[in-house]
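Since the structure comes first, as structure tokens, the remarks are kept for the end.
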Amino acid sequence: MYSHCPKCLRMDLNLWDEDHYVGPAYRILLLRMGAHPYRCEYCRLNFTSFRRRKAKFSWHSWRRPEGAKPGETEPPAEPE
């Protein structure tokens, strides 16, 4: 079994650094016990898990919706 985002259930995850994110005390305890710090780039959730990740997130494999400009996540609305 592999780790997945608890919010959106995606399995392509990135790592986060403890220097850039300060979480609750229980999360720090889990990291000290050997859990992995994962981040879902789609829903921007930081979480910890003892499971391995199946796929490493890559911006090159992430696709914007058709017609969206860089920095946008939703396609532009069509004029009426």
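Within the stretch 1-41, the set of residues being exposed (fewer than 15 other Cβ atoms within 10 Å of the Cβ) and touching a Phe, Trp or Tyr at 6+ places or on another chain (Cβ under 9 Å) comprises P6, K7, C8, M11, L15, M33, G34.
Sort out which residues of the stretch 1-21 are more than 13 Å from T48 (Cβ to Cβ) and of a type in the set (A, V, I, L, M, F, W, C), and write them in order of number. The answer is M1, C8, L9, M11. Whenever a residue of the stretch 1-29 is without any contact (Cβ under 8 Å) to a residue 40 or more places away in the chain, its partners that are among the basic types (K, R) and part of a strand (DSSP E or B), lying with C-beta atoms within less than 6 angstrom and at least six residues away or across chains, give the pairs W16/R39.
Since every read-out is calculated from the coordinates, none of them should be taken as a lab result. In this text the structure is predicted, and so the values were computed from the model without any measurement. As a convention, Cβ positions derive from the backbone with ideal geometry for all residues, glycine included, and neighbour counts pool all protein chains shown.
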